[in-house]
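Readers should treat all values here as calculations from the given coordinates under stated rules, not as data from a laboratory. As the structure is a prediction and not an experimental result, all values here were calculated from the model. Note that each Cβ is placed from the backbone with ideal geometry, even for glycine, and that neighbours are counted across all protein chains shown.
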C-alpha cells in the first residue's frame with residue numbers, strides 16, 4: 001500500500017488515472033488508514049482551493065481603461081488628420097508646379113485659332129501663377145509654408161505628449 | 001444587458017467592426033480573475049492593477065492580430081503572464097523570485113510556527129499560503145481553480161509542458177496538504 005505516492009493520489013483526485021490504477025488507489029484508500037488520511041487531507045486542500053474567492057481591482061477600473069482607450073483613439077485620429085493635411089499641402093504644391101510647367105509648355109507652342117480663347121485663359125492663369133511663383137514670391141511662399149509646417153508639427157507633438165502624460169496618471 | 005450574454009468571439013468581432021464600447025464587456029468579464037492571478041504573482045495590489053490595465057490596452061491594440069485560433073482567454077492570459085514576468089524582471093525581484101523557486105516550497109512551510117497554524121482559520125490559512133506561493137505555482141493554481149482551465153491550456157499559456165504543469169500543481173497541493181497535516185497534529189497535541 002506504500003506504493004501509493006502523492007502523485008498517484010493527485011492524479012486520482014483529478015480523475016487522471018487508467019482504470020486499473022484508479023481501482024488500485026481506490027482499494028488502497030479503503031484499506032489503508034494512512035493513505036485514506038493523506039487522500040482526505042488532499043481532498044480538503046482541493047475543496048479549499050476551489051472555494052477561494054477571486055479579488056477585484058478598483059471599482060472604476062473598467063471606466064479608466066475605456067477612458068485610456070478613448071484618449072488613444074483621439075490621438076490616433078489627430079495624427080491621421082495631420083498626415084492628411086500634410087499630404088493635401090504636398091499635393092497642392094505638386095499640382096501648382098505641374099500647372100506651371102504645363103503653362104510653360106503651352107505658351108511655347110503656336111496657338112491654333114479654335115483654341116484661342118482657351119489659350120488666353122490659360123495664359124492669364126499662367127501669368128498669375130508665374131507672378132505668384134516668381135523668384136521672389138516663391139522664396140517667401142516656401143518659407144511661410146515650411147514655417148507653418150514646423151509650427152503645426154511642434155504643436156501636434158506637444159499636444160500628444162501632454163495627452164499621454166495626462167492619461168498615464 | 002444583451003451584450004453580457006454574447007460569447008468572447010462575438011464581442012471581439014463587434015469591437016473589430018468599430019464598436020469600441022463593447023470592449024468594456026470583455027474587461028468586466030476577465031478583470032477579476034486576471035487581477036487575482038496578477039496579485040498572487042506580483043504580491044502587490046497596486047502593481048497588479050497597473051499591469052492589468054496595460055494588459056487590457058495591449059490586448060485591445062493587438063486585437064486585429066487575434067485570429068481566433070485559440071480561445072480569447074488563453075491569448076489574454078498569455079499577455080497577463082508575460083506582462084507579470086516583465087514587471088518582475090527588475091534585478092531585485094528576479095533574485096527574490098529565483099530564491100523561492102518551484103522546486104523548493106518548503107521555505108513556506110517553515111515560515112509558519114505551531115502557534116500560527118493552530119490559531120489561524122483553515123480557509124484563511126490556505127488563502128494566505130496561496131498568496132505567498134512562487135510566481136509559477138501561483139499562476140498555475142489560479143488558472144486551474146479560478147479559471148477552471150485544463151492543464152493543456154495552462155501549459156499553452158506558460159509555454160511549458162503539460163507534465164510540468166502537473167508537477168507544479170501537485171507540489172503546490174502537497175505543500176498545502178503537509179501544512180494542514182502539521183496543523184492537525186498540533187491541534188491534537190494541544
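Key figures for this structure:
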| read-out | value |
| --- | --- |
| Rg in Å to one decimal, and Dmax rounded to a whole Å, for the range A:54-114 via C-alpha atoms | 26.5, 89 |
| Rounded tilt (10° steps) of A:33-51 against the dominant C-alpha axis of chain A | 30 degrees |
| Proxy reagent accessibility, fewest Cβ within 10 Å first, across A:91, B:55 | A:91, B:55 |
| Overall form of the range B:115-186 per C-alpha gyration tensor (a/c, 1.5; a/b vs b/c) | prolate |
